[in-house]
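Q: Here it is, the structure in full.
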Protein chains: 6
Amino acid sequence: MPSSGRPSGRAADALRSIDFQIDVNKYAEGSCLISFGDTRVLCTASIEQSVPGWLRNSGRGWVTAEYGMLPRATDTRTDREAARGKQSGRTQEIQRLVGRSLRAVTDLKGFGERQIRVDCDVLQADGGTRTAAITGSYVALHLAFEHMRRLGAVTRVPLLEPVAAISCGLYQGAPVLDLDYAEDSQAEADANFVITASGQLVEVQATAEKTAFRRQELDALLDLAEKGVGELVALQREVLGLSE
Amino acid sequence: MPSSGRPSGRAADALRSIDFQIDVNKYAEGSCLISFGDTRVLCTASIEQSVPGWLRNSGRGWVTAEYGMLPRATDTRTDREAARGKQSGRTQEIQRLVGRSLRAVTDLKGFGERQIRVDCDVLQADGGTRTAAITGSYVALHLAFEHMRRLGAVTRVPLLEPVAAISCGLYQGAPVLDLDYAEDSQAEADANFVITASGQLVEVQATAEKTAFRRQELDALLDLAEKGVGELVALQREVLGLSE
Amino acid sequence: MPSSGRPSGRAADALRSIDFQIDVNKYAEGSCLISFGDTRVLCTASIEQSVPGWLRNSGRGWVTAEYGMLPRATDTRTDREAARGKQSGRTQEIQRLVGRSLRAVTDLKGFGERQIRVDCDVLQADGGTRTAAITGSYVALHLAFEHMRRLGAVTRVPLLEPVAAISCGLYQGAPVLDLDYAEDSQAEADANFVITASGQLVEVQATAEKTAFRRQELDALLDLAEKGVGELVALQREVLGLSE
Amino acid sequence: MPSSGRPSGRAADALRSIDFQIDVNKYAEGSCLISFGDTRVLCTASIEQSVPGWLRNSGRGWVTAEYGMLPRATDTRTDREAARGKQSGRTQEIQRLVGRSLRAVTDLKGFGERQIRVDCDVLQADGGTRTAAITGSYVALHLAFEHMRRLGAVTRVPLLEPVAAISCGLYQGAPVLDLDYAEDSQAEADANFVITASGQLVEVQATAEKTAFRRQELDALLDLAEKGVGELVALQREVLGLSE
Amino acid sequence: MPSSGRPSGRAADALRSIDFQIDVNKYAEGSCLISFGDTRVLCTASIEQSVPGWLRNSGRGWVTAEYGMLPRATDTRTDREAARGKQSGRTQEIQRLVGRSLRAVTDLKGFGERQIRVDCDVLQADGGTRTAAITGSYVALHLAFEHMRRLGAVTRVPLLEPVAAISCGLYQGAPVLDLDYAEDSQAEADANFVITASGQLVEVQATAEKTAFRRQELDALLDLAEKGVGELVALQREVLGLSE
Amino acid sequence: MPSSGRPSGRAADALRSIDFQIDVNKYAEGSCLISFGDTRVLCTASIEQSVPGWLRNSGRGWVTAEYGMLPRATDTRTDREAARGKQSGRTQEIQRLVGRSLRAVTDLKGFGERQIRVDCDVLQADGGTRTAAITGSYVALHLAFEHMRRLGAVTRVPLLEPVAAISCGLYQGAPVLDLDYAEDSQAEADANFVITASGQLVEVQATAEKTAFRRQELDALLDLAEKGVGELVALQREVLGLSE
């Protein structure tokens, strides 16, 4: 595929440099610092020995996520949500998305009445923080379940298959993979895809930022996303030592 | 198309009964009470003679939306957000979606430095409140611009083309159009599509509620949505007295 | 009684056109959309199977009310209380008044340890929203108790007698009944009366808006209110199918 | 008037011991610590050299009030509103009432574009805090205007006449004046009257606490209130050194 | 010690006039209105018959404190924290300090699973409100424990020894005791010391307001504080009728 | 100095392993990731081109700080302050301390009317987070000023001298330097010292956690702190390339 004139010089279907550092937090049952280029998200998975009230005596567990950005994760400093006294609509939207994505590949009957809280904190943001958060959270969640297995709390990791996420967009008329901030802020359309290792769709969120887009364009973005998620899942498996 | 075993007995590709009542509020520059079956949303468009600070002296206007539900819009009473002291993540997600959808078909340079605030208040909810809100809001927004035109504040309605929204889902394995609550709460996957009169996509939000879904299934849902939006746009044009 | 120069041309002792639409909400145990002229308030009564903590094991029930206004219920759009993060003093004052008024005619020992929550949401405001809310809420509450009786949860409707409310005021020096917004905003004094079918007083709230008023003027307002409430109670009985 | 069996042994028409201590705060332009028996409210009036935005360039001033209770002003400690993060409906209702009552006797055109903020803080509560607050606030406000006159900021105190407030109620079937907490918590009906020195009514708030009341009973309460306010105004004039 | 040029003319090591009025609140189990010159703080101690959740079944009690300032306690009126909807960082810092100081001299195992809440409300502020609050709170707390002893709830007052607090500072280069506001606002450094009757340190908080200070200066401030606390403890013992 | 029986085996006067990583954030004008053993705090300094309102037209700048902890920075997960909707008293206390400490060594007249916001976010907490935050913030602030100097916005770095902070405490009766969490949670007393390179004191905060302490003990803690800060300042100078 020829160069698409991307600011980074990347090919249209090229991911940024992806990096997973695991076990970066001495307290969390699972943790992963994920980088998509200059985007860096610290994901921790914390096990709690009880579930929300509406799940009590159901025999089921729960997985939930929270998301935050450090004030200077961004080019211009953003006010601290704790100081403003509330989480923005964007923050809530993202943490709901991360939670749903993880639950879609988790066997909620497979780890007792426990809750896993995944925290995704963006240390540096250069586009794609929510997709990095999902991709890294899966790794942190897997590590937390392995921790439980080592302790004998579960006999197997109750995850159905890996899940990862990637953004795609229409940039100067062409579909491109894994937008960085320079592209994201100029893109005509922006889409986030959450896809499992077996290629099933978990979430599709496509938004016309400037002008509406055609169905064929959505198809082209989905083609790119399938390629990108394939590569991300291979990296997740590698860092977790999982065979395919 | 044969019956798909839907609780309502509707065909898989059948909308519920759709109704638009316009000019239902004596103060609002544009208003529309829209019904999708038993879902009823009151949409009002209010013109303000100034824009948010970041648009001052830009020559551009802005369109924004807010969303709310009356406490007993739902089967079981929901606590009032004003009493709880904050809007839920769901509310914020929806009002951001409605605002983006309207802006996608609005010529923001075409009505001066004014802001239109669209309020979508759900009087009764039976599934599909966000898609009803978008579809009704377009009508209220159009009426508000017509009001400005009659006053001479604009020379033409600064809307590029109609926009409408519809939900689709996988219910008992089959793709169906315009989910009511009975279906929505049981669906395997749920998708909302915002599509313009010319068939361009503005927003696609597809979510696996129970299990991940295949790409062909997303395609089938999109086929249904295109059909449904076509019917909704025809009704919008009819109530607004617009030729195609 | 001669014309009093009211903007609406009404006689000094004339109510606006009053309308009750009942059972307008498919979920609420009781509901009523009441109109006092252009003022429209949607009242729903919701039954909950438990009481606040301080009433547990008392054998008594509770009735409480909440009040809200849609943002464009008013001539100029009002900010949404849920977005501002708190209810105004005015809102809290009104919902406390509605709750007290309903409890004054309810036999709290007559329906077990249940709570009825009445929601009064103003769809359009043209003066007198709190008195319309009380008058319509009584109807919604009665319908909810009838619903309980049909289900066998109570053997009789535990309401002592109907209650209704009306505003009166001194407008251009003369006492007038049922102020609309044009009058209310210019009145020298403004009073709200909550009165039972048998003519007992439940609440009297009279306020000098511009200048203090004389005791005889309060008497004249009370005379008007008694007449107005008499008419409202007759309409409540009619819509509820109650004999006098 | 014979004893009415009141817990305090007071005659039905007897006020509690009333005391005004003025200039109790070294910073406030006007201050008054008022006692109605064991009820003690500290009232301060603070002059600000600007008005709220909606009054700018109107040539008019404004008077507003705030109300608070110390946590242990009450028999059982009440949570601090600052800690709970919001003022209760009751607090807001009272501070709106105090503000309206003071404005009713103030010539808002008589002291330039200034705002007087009156703070009423209940140090100890034994019934009647809102009426003590109004009665003491008038004194603090008068003192603040005298302060302005001494500085030459106004040529005369812009107050039309004194205003005071008192509660009355139906206690064991009989009308009584100036309820203390023991009576207030048992009263069948409770009324607060704000009345000027010349006997004009500013606010009437009568509430059926247990059962609705008759019009003649309201009249009897008003008779008592007129007597009580007469005595309070005489004391206000004495402490302020005003002739009648 | 010669005059240090203090605005008040006090000697460098002289306290302001100190006054304790006890039992000033008819409801509180212990109460004390303390004055350090023009600084006046009302301290009440309220006994609750249960402890916070984390102490249940521990056999231990708890002592906690809250702090507030009336809006016109200060030269320029300060906004009410209840109206702003949150307590400032300063308020929280002070109330945590008061609570720790009291707990340091309380035998938490000596009064069962009860909680004492101490409220410190500043009626007038002229510097040193936090040290006056601690010194007065000790008295209120002692009185509350005596109240419990009279009722037989404890056999002895579970306080190890008196505690008091005082501020010192570097003013125009010289160490001075018990800063009033005129000094405090100009001081180069400001320190608060919480010291027990036997001379043990409970809290030391020294802050460079303008320039950093030397270790010998800290020593000089501590010398002054020991002298001041000695005098305060003598006054506490006198008002409480305690022998040394 | 012999072993003091510390859990870590450190000598009583030994710091943990200290590490500074600078320029770890691509956007911040200055940044430093500081480690005191397992405590890790990310400090960023952000330059804003305007000052708070009260400093406008003063010719002076301002330095302020905010502090936060990631939810799983701690052994047991802590709720996110942004989700709870407010910052704790502890958080506010710390961020005020960091701001004061930095301002004490900053020439506020030396960088124009600009504000530097320093954010201290704890990635992992093992005791001493506030002292690490101050020590790392000084480095980030210095780097931000160097950035301004390179751009020509200032001619010299407007910092008077380095400042650093360290905690000390009484652990099992003995004074020890740089408490880790295992010690901190068991210490009899805990003190934080903020000291400049020239040995001047900026802040002293000593707290009796279990029992009050003697003046000689405070002296011993201060001896340790002076030694520790000396070592920290040497490391700050090294990483910043400053001569002594």
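The values are calculated or read from the model by the stated rules, or taken from the named source; none is laboratory data. Everything numeric in this text was worked out from a predicted model, so none of it was measured. Cβ atoms come from the backbone with ideal geometry, glycine included; neighbour counts cover every protein chain shown. In case anyone asks, the SASA skips ligands and DNA or RNA and just uses the protein heavy atoms, side chains included. Shrake-Rupley method; radii C 1.70, N 1.55, O 1.52, S 1.80 Å.
Q: Applying 1/(1 + (r/R0)^6) with R0 = 45 Å to the Cβ-Cβ distance of C:Arg84 and E:Gln172, what FRET efficiency is obtained, to the nearest 0.05? Walk me through the intermediate numbers first.
A: Details: r = 49 Å, r/R0 = 1.08.
So, using R0 = 45 Å, E works out to roughly 0.40.
Q: How large, in Å, is segment E:177-221 by the Kirkwood hydrodynamic radius built from its alpha-carbon pairs?
A: On the way: mean 1/r = 0.0869 Å⁻¹.
After inverting the pairwise mean of 1/r, the radius is 11.5 Å.
Q: Over all distinct Cα pairs, what is the inverse of the mean 1/r for segment A:148-244, reported as the Kirkwood hydrodynamic radius in Å?
A: Numbers: mean 1/r = 0.0680 Å⁻¹.
For segment A:148-244, the Kirkwood estimate is 14.7 Å.
Q: In segment D:26-140, what % of DSSP beta bridges are antiparallel (nearest 5)? Spell out each step's value before the answer.
A: Working: 16 of 24 bridges.
Of those bridges, close to 65 percent are antiparallel.
Q: Next question, about the same structure. Write down Rg/Rh for segment D:1-109, rounded to two decimals, with Rg from the C-alpha atoms and Rh from the Kirkwood relation over Cα pairs.
A: Checking Rg against Rh, the ratio lands at 1.05.
Q: Considering the Cα positions of segment E:1-53, please state its Rg to one decimal place and its Dmax as a whole number of Å.
A: 17.3, 54
Q: In percent, what relative contact order does segment A:1-88 have, based on Cα pairs under 8 Å that are 6 or more apart in sequence?
A: Rounded, it is 13 percent for segment A:1-88.
Q: Check the straight Cα-Cα distances from A:Lys26 and name the lysines below 16 Å, setting aside those fewer than 8 residues away within the same chain.
A: By straight Cα distance, A:Lys26 reaches no lysines at all.
Q: OK, next. Hey, what D do you get for chain E in µm²/s if you plug the Kirkwood alpha-carbon radius into Stokes-Einstein at 25 °C and 0.890 mPa s? Don't skip to the end; give the middle numbers.
A: Values: Rh = 18.4 Å.
Rounded to a whole number, D works out at 134 µm²/s.
Q: Something else about it: If one takes the accessible area of chain A alone plus chain F alone and subtracts that of the pair, with a 1.4 Å probe, what total in Å², rounded to the nearest 100, results?
A: On the way: alone 11640 and 11690 Å², together 20460 Å².
Summed over both sides, the interface buries about 2900 Å².
Q: Let me ask another. Taking N as the number of residues in the protein assembly as shown, what is its Cα Rg relative to 2.2 N^0.38 Å? The partial results should precede the final answer.
A: Details: Rg = 34.8 Å, N = 1464, 2.2 N^0.38 = 35.1 Å.
Ratio of Cα Rg to 2.2 N^0.38 Å: 0.99.
Q: Additional query: Just the number please: accessible area per residue for the protein assembly as shown, 1.4 Å probe, all protein chains included, in Å².
A: 36 Å²
Q: To continue, here is another question. When each pair of different Cα atoms in segment C:85-169 is counted once in the 1/r mean, what is the Kirkwood radius in angstroms, to one decimal? Before the final figure, lay out each step's value.
A: Numbers: mean 1/r = 0.0716 Å⁻¹.
This gives a value of 14.0 Å.
Q: Got the C:Ser58 label distances to the other copies yet, label 7 Å along Cα→Cβ, in nm, shortest first?
A: 3.3, 3.3, 4.2, 5.4, 5.4
Q: Please give me, ordered by residue number, the trypsin sites (Lys or Arg not before Pro) of segment D:9-103 that lie in loop per DSSP and have at most 14 other Cβ atoms within 10 Å.
A: Working: sites: D:Arg10, D:Arg16, D:Lys26, D:Arg40, D:Arg56, D:Arg60, D:Arg72, D:Arg77, D:Arg80, D:Arg84, D:Lys86, D:Arg90, D:Arg96, D:Arg100, D:Arg103; in loops: D:Arg10, D:Arg16, D:Lys26, D:Arg56, D:Arg60, D:Arg77, D:Arg80, D:Lys86.
Sparse-neighbourhood loop trypsin sites (Lys or Arg not before Pro): D:Lys26, D:Arg56.
Q: Mind checking which helices in chain B clear 30 Å along their axis (Cα) and have mean Kyte-Doolittle hydropathy of -1.0 or more, DSSP H runs only?
A: On the way: long enough: B:129-150 (31 Å, 0.01); B:215-240 (37 Å, 0.11).
Span-like helices, by this rule, are B:129-150, B:215-240.
Q: Taking all protein chains as present, what is the carbon and sulfur share of the accessible area of chain B, in % to the nearest whole number, probe 1.4 Å? Show your work: numbers first, answer last.
A: On the way: 4040 of 8860 Å².
Ligands and nucleic acids excluded, carbon and sulfur reach 46 percent.
Q: Label F:Arg214 and A:Lys210 with points 7 Å out from Cα along Cα→Cβ: what is the distance between them in nm?
A: Simple spin-label model gives 7.7 nm for this pair.
Q: First measure r as the distance between the Cβ atoms of F:Thr76 and B:Leu242, then evaluate 1/(1 + (r/R0)^6) with R0 = 56 Å and state the FRET efficiency to the nearest 0.05.
A: Details: r = 61 Å, r/R0 = 1.09.
E between F:Thr76 and B:Leu242, to the nearest 0.05, is 0.35.
Q: Taking the label point 7 Å from Cα in the Cβ direction, how far apart in nm is C:Ser88 from each other copy of itself, listed shortest first?
A: 2.3, 2.6, 2.9, 2.9, 3.8
Q: Find out how many positive minus negative residues lie around A:Val63, taking Lys and Arg as positive, Asp and Glu as negative, among other residues whose Cβ is under 10 Å from that of A:Val63. It would help to have the intermediate numbers written out before the result.
A: Details: positive: A:Arg100, A:Arg103, A:Arg114, A:Arg117; negative: none.
Cβ neighbours under 10 Å give a net charge of +4.
Q: Looking at the axis that maps chain F onto chain C, which chain F residue has the closest Cβ, and how far off is it in Å, rounded to a whole number?
A: It is F:Gly85, 5, counting Cβ atoms only.
Q: So what J values fall out for segment A:109-114 if you push phi through Karplus, 6.51 cos²θ - 1.76 cosθ + 1.60 with θ = phi - 60°, rounded to Hz, Gly and Pro as x?
A: Per-residue couplings from phi come out as 8, x, 9, x, 7, 10 Hz.
Q: Here's something else I'd like to know. Give the lysines whose C-alpha is closer than 22 Å to that of D:Lys86, dropping any in the same chain fewer than 8 places away, or say none.
A: The reachable lysines, counting only those whose Cα sits under 22 Å from D:Lys86, are A:Lys86, B:Lys86, C:Lys86, E:Lys86, F:Lys86.
Q: Run the label-point distances for D:Arg150 please: 7 Å along Cα to Cβ, every other copy, nanometres, shortest first.
A: Counterpart label points of D:Arg150 in the remaining copies fall at 4.2, 6.2, 6.2, 7.2, 7.7 nm.
Q: Also, I was wondering about something else. So what is Rg over Rh here for segment D:137-188, counting just Cα atoms and using Kirkwood for Rh? Intermediate results must be reported in sequence, preceding the final value.
A: Working: Rg = 18.2 Å, Rh = 13.7 Å.
We get a ratio of 1.33 for segment D:137-188.
Q: Using +1 on the beta carbon of Lys and Arg, -1 on that of Asp and Glu, and nothing else charged, what's the dipole of the protein assembly as shown about the Cα centre, debye to 20?
A: Details: 168 positive and 198 negative charges, 0 e Å.
Computed about the Cα centre, the dipole is about 0 debye.
Q: Here's something else I'd like to know. In the Gaussian network model of chain A, springs joining C-alpha atoms below 10 Å, which of A:Asp223, A:Asp75, A:Asp13 carries the largest mean-square fluctuation?
A: A:Asp75
Q: Once you treat every alpha carbon in segment A:41-104 as an equal point and sum by Debye, what is log10 I(q)/I(0) at q = 0.16, 0.17, 0.20 Å⁻¹?
A: At q = 0.16, 0.17, 0.20 Å⁻¹ the computed log10 ratios are -0.69, -0.75, -0.94.
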